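This report refers to the structure that appears directly beneath it.
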Amino acid sequence: MNVMAGYGATINGHHTYKDLGLVIGNNDIVQPPTPKINIIDIPGSSHRLDLTETLTGRVEYEGRSLKFEFGIQMPKEEWAGVCKNVMLLFHGKKVRVILDSEPEYYYEGRASISGFDRVGTIGTFTMSIDAEAYKYDINDSLGNWEWDSFNFETGIAREYSDIAVDGSTNLLIQGSDIPMIPTFTVTNYSNEKDAYIRYNSVRYNLQPGKNRFSGVVIPPAGGRVYFYGKYTMAVDVKGGSL
């Protein structure tokens with residue numbers, strides 16, 4: 001194992017090296033997601049019908065995989081304890097992974113541990129993560145900000161909490177590298193007036209609490225949403241990238 005090959009990561013709040021003493025020994029940690037290609041051969045023709053983007057108007061993806069080859073140096077009598085701790089922390093668990101190399105994003109998926117081995121005082125094992133296709137922005141649109149990880153050159157500061165609606169108002173939701181479906185949370189709801197939104201000239205009625213509409217998809221260029229009624233609105237959107 002080349003101990004100089006890797007770098008650190010924070011997995012469910014535990015830093016692999018600073019907290020657990022683990023060194024990453026591989027460079028090929030993140031694999032690209034597989035696009036869902038839908039191409040149909042036309043009988044009797046050299047042409048093919050590409051339906052890849054027909055359903056949603058964009059390319060969709062399968063999940064992606066992350067793999068860590070970990071190593072740790074410790075007295076051999078401590079190896080069983082290391083294995084137990086790692087299994088309890090991560091094996092089969094849903095994990096959030098933040099790589100030191102890109103602290104503005106996180107990956108999310110299900111982890112599994114395999115391949116425990118030890119040679120002398122060096123122990124090794126593999127963590128595999130079946131992750132979602134996209135990596136997501138650390139900072140959300142509800143004001144939970146981590147400025148230490150914010151990229152001031154490329155980052156987008158979305159803050160869409162506590163929007164007071166009294167009659168009508170509107171909000172430009174800034175886009176992301178990936179399409180976003182917002183969650184609209186309605187509080188202080190008044191039954192005196194209809195509560196609804198309009199997006200791309202389509203009306204969507206609101207209920208108290210969380211509302212999500214498959215037809216409200218914010219493209220990378222962004223989109224403007226119009227609010228009507230009397231209530232307090234919070235818009236939760238999750239930006240990210242491939």
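Any read-out appearing in this document is the output of simple, stated calculations on the displayed coordinates, not a laboratory observation. Remember, it's a predicted structure, so these values are computed and weren't measured experimentally. Cβ atoms come from the backbone with ideal geometry, glycine included; neighbour counts cover every protein chain shown.
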Over 25 Å between alpha carbons, listed pairs K67/K94; K18/K135; K93/K210:
K93/K210
For the stretch 147-241, what is the Kirkwood hydrodynamic radius in Å, using each pair of distinct C-alpha atoms?
13.9
Would you mind calculating the relative contact order of the chain from Cα pairs under 8 angstrom and at least 6 residues apart, reporting the percent as a whole number?
17
May I ask for the angle, rounded to the nearest 10°, between helix 79-90 and the longest principal axis of the chain, with both axes built from Cα atoms and the value confined to 0 to 90°?
10
Counting only Cα, what are the radius of gyration and maximum Cα-Cα distance Dmax of the stretch 9-133, in Å?
19.7, 69
Asserting the computed 222 nm helical MRE of the chain (DSSP H runs at least 4 long, -39500 (n - 2.57) per run, divided by residue count, to nearest 500) equals -1500 deg cm²/dmol
Highest GNM mean-square fluctuation among E108, E62, E132, for the chain with Cα springs under 10 Å, belongs to E62
Residue-span extension gain [L172 to H15] - 0.36 nm each, minus C-alpha spacing:
52.9 nm
Using a Gaussian network model on the chain with a 10 Å cutoff between Cα atoms, which of I122, I29, I173 fluctuates the most?
I122
Which aspartates and glutamates, on any chain, are close to K230 with Cα under 14 Å apart, when same-chain ones fewer than 8 places away are left out?
D162, D166, E192, D194
A student asked for the Cα radius of gyration and Dmax of the chain in angstrom ought to give 23.0, 74
Amide H contacts under 5 Å for Y105, restricted to residues at least 5 apart in sequence or on another chain and with H modeled in the peptide plane, are I138
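Can you compute the FRET efficiency between S214 and I40 using 1/(1 + (r/R0)^6), with r the Cβ-Cβ distance and R0 = 30 Å? Round to the nearest 0.05.
That pair, S214 with I40, gives E of 0.75.
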Spin-label model distance (nm) - E60 vs V202, 7 Å beyond Cα toward Cβ
1.5
